[in-house]
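Below is one structure, written out as structure tokens; comments come after it.
Just so you know, all these numbers are worked out from the coordinates, no wet-lab data involved. Keep in mind that what you see is a predicted model, and the values were worked out from it rather than measured. All Cβ positions, glycine included, derive from the backbone under ideal geometry; neighbour counts span all protein chains shown.
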Amino acid sequence: MSFANLGLSEKVLDAVASAGYTAPTPIQEQAIPHVLAHRDVLGIAQTGTGKTAAFVLPMLTKLEQGRARARMPRTLILEPTRELAAQVEESFIKYGKNHKLNVALLIGGVSFGNQDTKLTRGVDVLIATPGRLLDHTERGGLLLTGVELLVIDEADRMLDMGFIPDIERICKLVPFTRQTLFFTATMPPEIRRITEQFLHNPMKVEVTRAASTVDTITQGLVKAGREPHDKREVLRRLIRQAEGLKNAIIFCNRKREVATLYRSLLRHKFSVVALHGDMDQSSRMAALDQFRKNEVTLLVASDVAARGLDIPDVSHVFNFDVPHHADDYVHRIGRTGRAGRSGTALTLVTGADSKAVAAIEKLIGRTIEWHGNPPADDLAEDDGPREPVRMGSRMPRRGRGQAQDGEGRPARGRSRDGQPRDRQESREAPELGQERGNQPRAAQDRGNQERGTQERGNRDKAPRPADDSRRPGRGKRDATVTPLETARRRASRDEAPDDIENWLPAFLLRPVRVKA
Ligand code: AMP
């Protein structure tokens, strides 16, 4: 099948050829003719399948007829995050190079004034996040009654982020006669309900899940020491030894880890940028841009920060942490081996990760090969709290299996309710308003996005290591030293001093009495 058989216009075919695409992907092949035939489409496809072009290319063809009117966009695309919205805009620029269309982006963090000016001029394509779009309609600066085509992209993520009520409101503001293209990676009941409500006799187009399309990816497991500095060392070795490494994404489970690993890699002179939810919008865009343009080789990211981003041509994915959710593994490694290219995905595994690895292997329906020996199963992790690492003979010692921090809390491994601490703690707080989850929306997107400050609300809420030595009174004891100080002095490892607070258990950061 070639693009020429799909019914696309000459201008679009020319742009597709310039993009270097020789054949449509399955979702493009199946969806494009129906979009051109004015049918509603229900596309079940993940990022990486070419689904953006599946709606952008036929939209461009259709938009060649007619023109935009002030404040009344002709087409509307809803995206769950600013990054995804910005990527779709880039697709319009890339594939619409032969068109003179007005494309506007309505996302948080950008002034209303500029967006308003653009709307007044009239837009052919409006790409928006739901909250910001409703802000504009409520202010009266935007009318959706001229929308001929509505795209709802990444609908299941919209659901995760609590945007479904907004989507329902928006669907009621656009004309009943519009054409609707609806994309989702999964079909939970709530999404099914929405499709039944807002799609009219849709053509269902489904492409295989990424979980079953990993044949082009060489996957491997690599034993890593339990401690982060050991893991970092293993990672550096893997990067240096990686064959054909062009660029790589390194995934961490927590944003704190992203920041630590990023600093460490910088110190070791790697060409690296980071992407996590605590960075402001412009830093994230700048980092992503550098990575996309191949100005840097490595991108360290958390799942939430990286999900859905269009980063073509990644040769390697490294999982610095085994993801807690098997689905995340599939998303992560789906960053490589795209569109038939080959890729490598290596996962660093500790003795505590055996269950997570088993869950991944079950999901993808295959075992992943070990590069070298696997680590011994860490039964301590399953059997109860582990004793903390002792940093020196003067550290207070507690009974075996009853490791506690200075205030009687379980120190590591599991919390009081028996949940592994890791799991409870910080899967990254979603960014870009993603923590909205099930909260009422009014308190969420609107005010924050308007002020362009929603990231602030998403700052890492994980407790910082308590450093009682800084509290008034505590540090006045005779002859006390902080274990932090002791550890700093003793640490012989190259990267311990700068980030020691991140890997030292909290109770070790408190002062202890030293006998004279
Ligand atoms: P998407 O699923 O829309 O995020 O697209 C994933 C990647 O596939 C993007 O980098 C596109 O540039 C690329 N892509 C889209 N369509 C094609 C195609 N027909 N041939 C090769 N690459 C494509």
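Some observations on this one:
- Inter-probe distance in nm under a simple model that places probes 7 Å from Cα toward Cβ, at ARG236 and ALA37: 5.9
- Here the Karplus relation 6.51 cos²θ - 1.76 cosθ + 1.60, evaluated at θ = phi - 60°, turns the backbone of the range 139-148 into coupling constants of 6, x, x, 8, 10, 9, 6, x, 6, 8 Hz, with x for every Gly and Pro.
- Cα-Cα over 31 Å, subset of LYS51/LYS355; LYS11/LYS204; LYS11/LYS246; LYS62/LYS255; LYS11/LYS172: LYS51/LYS355; LYS11/LYS246; LYS62/LYS255; LYS11/LYS172
- With a Förster radius of 35 Å applied to the C-beta separation of GLN290 and ALA376, the computed FRET efficiency comes to 0.30.
- Net dipole in debye of the range 217-380 [+1 Lys, Arg Cβ; -1 Asp, Glu Cβ; about Cα centre; nearest 20]: 380
- Grouping the Cα pair distances of the range 217-380 into 10 Å bins from zero gives a pair-distance distribution of 11, 43, 37, 9, 0 percent in increasing distance order.
- Only the Cβ atoms of Lys and Arg (+1) and of Asp and Glu (-1) were treated as charged; on that basis the dipole of the range 3-206 about its Cα centre amounts to roughly 620 debye.
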